[in-house]
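S.K.: Take a look at the following structure, please.
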Amino acid sequence: MSTFISELINESGVLTLQEIVMHITASAILGFIVYLSYWYTHAGTAYSKKFNVSLLTLAILTGTVMTVIGNNIVLSLGMVGALSIVRFRTAIKDSRDTTYIFWAIIIGICCGVGDYVVAGIGSAVTFIILLLLGRVRNENRILLIIRASKADSSKIEELVFSYFDKRALLRVRNTTRDHVELIYEMPRSIWQLNYKKDTDIADALYALEGVEYVNTVTQSDEITG
């Protein structure tokens, strides 16, 4: 048993200069693919150039660390101990960012141990999927908030349903003794019907006289941080 432990400690996993350069270069090349993919799929939204550069350098640094660790069990345990005290508090603005972080780390790990084929195939498949589906956006939802006299609630509901072809969903109905607050939810595509009418929905509602205010709120699932 002591002989086995001694062999593990003494195992250096020394690499040649050519192997080190290949590991780090492969990490950089595949990391640049991550860079291009992130730039394309986030163009026009919450694109962060600094975060994108961080993904590229993350792949390179992970590949460098894995090259240093190699098969040395002592260095591996030391690296785990060092990373366990690090606290990352960077806000993730988009759920897709987590995918890119893991992608960059996996590239570095694979290239750092010389598995270029695994890193290349995995990156190619991921790149194609993100190329095809990465620009999918959550459709913004519109909230139409109306406060009015309780006596006019039926007229308001009839007017809203007629404007949006009965596809506006009544989410909230708050009432007091004399007033009512109605909150309708609809996709932006349904809200566009408002612009096809001769009169804006707000003007039509205010024509009822009992309406106190009409608010329009846009909701989005995108996290802007």
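Since every read-out is calculated from the coordinates, none of them should be taken as a lab result. Note that the coordinates shown come from a computational prediction; the quantities given were computed from them, not determined experimentally. Ideal geometry is used to build each Cβ from the backbone, glycine not excepted, and the neighbour counts take in all protein chains shown.
S.K.: Mind giving me the nanometre distance, one decimal, between the label points for residue 129 and residue 185, set 7 Å out from Cα along Cα→Cβ?
M.R.: 2.9
S.K.: Now, a different point. Given an 8 Å cut-off on Cα distances and at least 6 residues of separation, report the relative contact order of the range 141-219 as a percent.
M.R.: Once divided by the residue count of the range 141-219, the mean separation gives 48 percent.
S.K.: What FRET efficiency would be calculated for the residue pair residue 40, residue 192, taking the C-beta separation as r and a Förster radius of 45 Å, to the nearest 0.05?
M.R.: 0.95
S.K.: Can you give the extra length, in nm with one decimal, that the chain gains between residue 178 and residue 154 once fully stretched, where that is 0.36 nm per residue apart less the Cα-Cα distance?
M.R.: Working it through step by step, the gained length comes to 7.3 nm.
S.K.: Okay, next question. In terms of modelled amide H atoms, which long-range or inter-chain residues lie less than 5 Å from the amide H of residue 171?
M.R.: Amide H neighbours of residue 171, under 5 Å, 5+ apart: 183, 184, 185.
S.K.: Let me ask something additional. Arranged from highest to lowest average of other beta-carbon atoms within 10 Å per residue, in what order do the peptides 18-26, 205-213 appear?
M.R.: 18-26, 205-213
S.K.: Sticking with this structure for a sec: How much length would be gained if the chain were fully extended between residue 207 and residue 165, taking 0.36 nm per residue of separation minus their Cα-Cα distance, in nm to one decimal? Each step should come with its number before you reach the end.
M.R.: On the way: separation 42, 0.36 × 42 = 15.12 nm, distance 1.99 nm.
Additional length available on full extension: 13.1 nm.
S.K.: With a point put 7 Å past each Cα toward its Cβ, work out how far residue 145 is from residue 53 in nm, to one decimal.
M.R.: Roughly 4.0 nm, to one decimal.
S.K.: Go through the range 202-209 residue by residue and turn each phi into a ³J(HN,Hα) via Karplus (6.51, -1.76, 1.60, θ = phi - 60°); whole Hz please, and just put x for glycine and proline.
M.R.: 5, 5, 5, 5, 5, 5, 6, 6
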